[in-house]
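Novice: If you scroll down you'll find the structure; I have some questions about it.
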Amino acid sequence: SNPVNMSHQHTRRDSVDGSASAKLMSLRKLEGTDSPSFKREQHPAAAPLSLSLDDLSNPPTEEELSHYCDVPAAELPPIHKRALPNRIFVNRDLRLDKIEFYGFDMDYTLAEYKSPEFEQLAYGMLIDRLIEMGYPQTISTLKYEPGFPLRGLLLDKEFGNFLKVDSFGNIVSAVHGRTRMTKKHISEIYPSMYIHSHDIGRRYQISCRLFQKLDNRVILVR
């Protein structure tokens, strides 16, 4: 036989064996085993390996994703299922493959504070600080009230009133400190019973964040 042809055949066989070995090693790595029985059972010609969500690394590798097989939502493992009220929905199309980075808010999202314990602790510390600044010792008897005031209010920085307005800007109710203002009193200060949008951010401060519940409570003290 021709020694050149034999050398060519050996080279080709070595190349095929090397490729098969690489695939086998890759499959063993994905399965997490190097046992001899696995080597005998698996073969590059076998059906492609299928991975589920529980099999993926965090973050998954490109090779793992190439073997990932999606499953219907009804067949997801319990750890990946969420009750309908806990799911996240979007109101527009979003191409996730075009997103390079994902950011996550920390407070009250990834980090959940114990409420009202967190607010009570912070409130007490703020009261102590106000006393150090010269406020009377009597405010130390004030206790934090989780239900008052709530979010969704406007603070009138000129008069110190908290206003509840509807979606059109009409004033629904108002308080000054812990005292609920009458309709007559409100109309005397706000004759139109209406808040103009161009005044929001200047005279009126929006209170919509969870952290502002504590701010609002301290404002009532002052």
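The values are calculated or read from the model by the stated rules, or taken from the named source; none is laboratory data. These numbers come from a predicted model, not from an experiment. Counting neighbours? That spans all protein chains shown, and the Cβs are built from the backbone with ideal geometry, glycine included. Please note that ligands, DNA and RNA were not included when accessible areas were found on the heavy atoms of the full protein model with its side chains. Shrake-Rupley method; radii C 1.70, N 1.55, O 1.52, S 1.80 Å.
Novice: Only loop residues by DSSP count here, and only those with at most 11 other Cβ atoms within 10 Å; note down the GluC sites (Glu not before Pro) in the stretch 65-163 that meet that. List each step's numbers first, then the result.
Specialist: Details: sites: 75, 100, 112, 117, 119, 132, 158; in loops: 100, 112, 158.
Taking the stretch 65-163 and a limit of 11 other Cβ atoms within 10 Å, the loop GluC sites (Glu not before Pro) found are 100, 112, 158.
Novice: Tell me, how many Å apart are the Cα centres for the stretch 80-99 and for the stretch 140-181?
Specialist: Value for the Cα centre distance between the two parts: 35 Å.
Novice: Using the basic label-point model (7 angstrom from Cα toward the beta carbon), what is the residue 199 to residue 170 distance in nanometres?
Specialist: 1.7 nm
Novice: Taking loop as defined by DSSP and a crowding limit of 14 other beta carbons within 10 Å, which trypsin sites (Lys or Arg not before Pro) in the stretch 110-191 fit?
Specialist: Here the sparse-neighbourhood loop sites are 114, 143, 151, 157, 178.
Novice: How much of the accessible area of the stretch 116-161, probe 1.4 Å, is carbon plus sulfur, in whole percent?
Specialist: Numbers: 1770 of 2910 Å².
Using a 1.4 Å probe with all protein chains present, the stretch 116-161 comes out at 61 percent carbon and sulfur.
Novice: Can you give me the solvent accessible area of residue 179 with a 1.4 Å probe, rounded to the nearest 10 Å²?
Specialist: 90 Å²
Novice: Quick one: order 126, 76 from most to least accessible surface, probe 1.4 Å.
Specialist: Listed by decreasing accessible area, they come as 126, 76.
Novice: Can you send over the solvent-accessible area of residue 115, 1.4 Å probe, protein chains only, in Å² to the nearest 10?
Specialist: 70 Å²
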